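Asks: Take this structure first; my questions come after.
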Amino acid sequence: MKVFTIKNNNDFQKVFGNGKSAANRFLVIYALPRNNDVEQISRIGIAVSKKVGKAVIRNIIKRRLKEIWRLNLKEVKEGHDIVVVARVPIVNVSYYELAKGFLKLIDKLGLRKEG
């Protein structure tokens with residue numbers, strides 16, 4: 001399944017400014033419903049600061065988050081822009097803990113499909 005991503009800075013800023021947020025030790029997730037009636041797809045944007053580590057580490061984290069998103073896309077409601085911000089302690093967390101934390105935040109935001 002194709003992963004649609006947010007690439008435009010204006011879209012990131014819109015989600016940061018107007019979206020709901022939920023956080024844990026490793027992640028902050030912002031979510032904003034899309035007003036576009038034509039495409040009811042959900043897009044993800046991933047932000048990893050240079051404080052987290054060097055480029056290799058940041059890319060590993062981005063790939064992990066993108067894969068967690070891809071595997072759980074069928075469980076997430078359509079029509080939202082979601083921005084995931086990685087916090088510094090994410091470096092020491094396993095993939096499975098990260099996936100579990102990600103899904104808990106999705107639940108907290110009310111983005112998981114019913115049934």
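Asks: In this structure, does ILE68 turn out to be under 20 Å from LEU98 (Cα atoms) and in contact (Cβ under 8 Å) with a residue 40 or more places away in the chain?
Replies: Working: under 20 Å from LEU98 (Cα atoms): yes; in contact (Cβ under 8 Å) with a residue 40 or more places away in the chain: no.
It is false that ILE68 is under 20 Å from LEU98 (Cα atoms) and in contact (Cβ under 8 Å) with a residue 40 or more places away in the chain.
Asks: Among residues belonging to the stretch 96-111 that are free of Cβ contacts under 8 Å to residues at least 40 places away in the same chain and not acidic (Asp, Glu), point out the one that is nearest to SER21 (Cα to Cα).
Replies: Per the stated criteria, the residue is GLY110.
Asks: May I ask you to list the residues in the stretch 71-92 that are touching a residue at least 60 places away in the same chain (Cβ under 8 Å) and buried (at least 18 other Cβ atoms within 10 Å of the Cβ)?
Replies: If the condition is that a residue be touching a residue at least 60 places away in the same chain (Cβ under 8 Å) and buried (at least 18 other Cβ atoms within 10 Å of the Cβ), then ASP81, ILE82, VAL83, ALA86, ILE90 are the ones that fit.
Asks: Does the stretch 34-70 hold any residues that are surrounded by 13 or more Cβ atoms within 10 Å (Cβ to Cβ) and hydroxyl-bearing (Ser, Thr, Tyr), and which are they?
Replies: SER42
No lab work stands behind these numbers, since they all come straight from the coordinates. All of these numbers come straight from a predicted model, not from anything done at the bench. When we count neighbours, we look across all protein chains shown, and the Cβ atoms used for this are built from the backbone with ideal geometry, even at glycine.
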